[in-house]
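Enquirer: Take a look at this one; I'll ask things after.
Read-outs throughout are calculated quantities, based only on the coordinates presented, and are distinct from any laboratory measurement. Note that this is a predicted model, so its numbers are computed, not measured. In this analysis, Cβ positions are derived from the backbone assuming ideal geometry, glycine residues included, and neighbour counts consider all displayed protein chains.
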Amino acid sequence: MTRADRLSGLDAIFLPMETATQSLHIGSVLVLEGPPPPPEVFRDHVAAQLATVAVARRRVLRMPLELGRPLWVESSVDLEAHLHHAVLEAPGHDDQLSEAVVRIMASPMDPGRPLWELWHVDGLSAGRWAVVLKAHHTMVDGRTGADLVQTLLTERPADRPLQPVRAERADRATPRPVPTRTALLTDLASWFLTLPLRCVRLVLGAAGAPGETRRRVSELRLGLAQVLRPDLPPSVLSGPLASERLWGWTDADLAAVARTAEASRCTVNDLYLAALAGGYRRFLTERGEAMDTVGLRAIVPVSNAQPGHPGRVGNLASAMFVELPVDIPEPDARLHAVAARTAEQKALGVPAATAAVLRLADHIPAPIFAWGARRYGRAGQGRVNVVASNVRGPERTQYLAGRRVLSMIPYVPTAQEIRSCSAMVSYAGRLTIAITADAEALPDADRLVAAVASELEALAGPSAGAQARQEPTGCRRTLA
């Protein structure tokens, strides 16, 4: 067993965090041009594409007595358990797709299998169809999930009609043998027996480089303060989660947004955060919330991965913690405030500091780490109340099974008492912002999506063409 076979501390933390009201599935929804391929042809095509993708054949193997972090092991793939087909009833509007996606994301996955599913959804209006990729947060984050989607796509349509393929299929690949219980116990014993040696080596290294040691300790203290300090006031945006979810999205012209960002000397991500700040301001004001008592802080993942490299399984992010200025009424002033705050986070080294905390987690004995994660989850983290993920997608038009991908829509789960989460993805000249919300606490989340769309237009102008494409639709989750 190698270090690469073991889940990182960050990957492993998502396993005990999942509860009956908190499923941790990352998703990507592709809406495609018709006509859709026959289900059996699509199944064979996907199986052939995934045959060379090792991460699609990896499952989690827990250590004996939970005394160590789980391992990634190769597994055979039963396509009947991973590839699914659904048909929407007429007329197949986007609200029906939204409801289907919420239902798909809510259902649990068998932890004894690779933690992903792919859904082929027919019946959308205007002859369209959709593909929904669902993967557990233990397996992917936004960046690695996008890379997994990319393995199914091409930049050219098929030269001839798609036919069933005879290439090696993912379900026919022969996996490596799973480590025996004796091997796992030996690995555990080795880890614990060498722990004192690693500690001595750490102390000697620190004594030999005191300047570097002080820098690393300061970095770690900064990271722990960012992650652990609960200081947000009570808000409708945070609290216990119910069992229903809502999900909707808005999109805009990427070129218009990029022009505004360049003219304002900020990034597209800054403009996205400013649109969220303005959207939440409108939404909360309409709800009668006093802006002078609302604190809004977003956790903004910062990926350490390089796009287009799907060989690594797991999460590859550090993070920033950005105060969203909902107290500022003017859109331009909010944008400048956001840009200043993200620049400050980078100048302080917050992404590197949170990465240091994640590295530290890899050296904590698994039982202690799992106990701490569960206690942290039960206590309510109180540090952030918004998630704002941003993933750069393909710049050129993509094709799947010979059909043009019209749009890419992200899905991120709500968790850790954060009642609304957002994600933005860019694709072929458009950017799409999707919001997932707790249906019981925020039953009017459709107004939040519309408010974000209005803020995008206010910042980037009418040429951005921002509009809420879907009022969020929820369904009751039935987790077994």
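Enquirer: What dipole magnitude, in Debye to the nearest 20, does the range 3-162 give about its Cα centre under +1 on Lys/Arg Cβ and -1 on Asp/Glu Cβ?
Expert: 580 debye
Enquirer: OK, next. Based only on Cα atoms, what Rg/Rh ratio does the chain have, Rh being taken as Kirkwood's radius?
Expert: Taking Rg over the Kirkwood Rh, I get 0.97.
Enquirer: If each residue's Cβ is checked for other Cβ atoms within 10 Å, how do R128, R419 rank with the fewest at the top?
Expert: Neighbour counts put them in this order, fewest first: R128, R419.
Enquirer: Here is a follow-up. Helix check for the chain. Which DSSP H runs span at least 30 Å along their own axis by Cα, with a mean Kyte-Doolittle hydropathy no less than -1.0?
Expert: 181-208
Enquirer: I need to check one value: relative contact order of the range 71-136, counting alpha carbon pairs closer than 8 Å and at least 6 residues apart, in percent.
Expert: After rounding, I find 38 percent.
Enquirer: Round to a whole angstrom and tell me the spacing of the C-alpha centers of the range 84-112 and the range 191-268.
Expert: So the two Cα centres are separated by 32 Å.
Enquirer: Let me ask something additional. To the nearest 0.05, what FRET efficiency results for L185 and T397 with a Förster distance of 56 Å applied to their C-beta separation?
Expert: The computed FRET efficiency comes out at 0.60.
Enquirer: Once the Cα atoms of the range 3-162 are picked out, what are the Rg and Dmax in Å?
Expert: Computed over the Cα atoms of the range 3-162, radius of gyration and Dmax are 16.8, 53 Å.
Enquirer: Taking every alpha carbon pair in the range 169-302, what does the distance histogram look like in 10 angstrom bins from 0, in percent?
Expert: Going out from 0 Å in 10 Å bins, the range 169-302 shows 8, 17, 20, 19, 22, 13, 0 percent.
Enquirer: For every helix of n ≥ 4 consecutive DSSP H residues, a contribution of -39,500 (n - 2.57) applies; sum these over the chain, divide by its total residues, and give [θ] at 222 nm rounded to the nearest 500 deg cm²/dmol.
Expert: After summing the helix terms and dividing by the residues of the chain, the value is -12500 deg cm²/dmol.
Enquirer: Mean separation of Cα pairs under 8 Å and 6+ residues apart, divided by the residue count of the range 3-162: what relative contact order is that in percent?
Expert: Reported relative contact order: 35 percent.
Enquirer: How much length would be gained if the chain were fully extended between R375 and V217, taking 0.36 nm per residue of separation minus their Cα-Cα distance, in nm to one decimal?
Expert: 54.4 nm
Enquirer: Got a sec? How would I418, I368 order by Cβ neighbour count within 10 Å, fewest to most?
Expert: By the 10 Å Cβ count, ascending, the order reads I368, I418.
Enquirer: Pairs of Cα atoms under 8 Å, at least six residues apart: use those to get the relative contact order of the chain, whole percent.
Expert: 26 percent
Enquirer: Using a 10 Å cut-off around each Cβ, can you sort C266, C199 from fewest to most neighbouring Cβ atoms?
Expert: Ranking C266, C199 by Cβ neighbours within 10 Å, fewest first, gives C199, C266.
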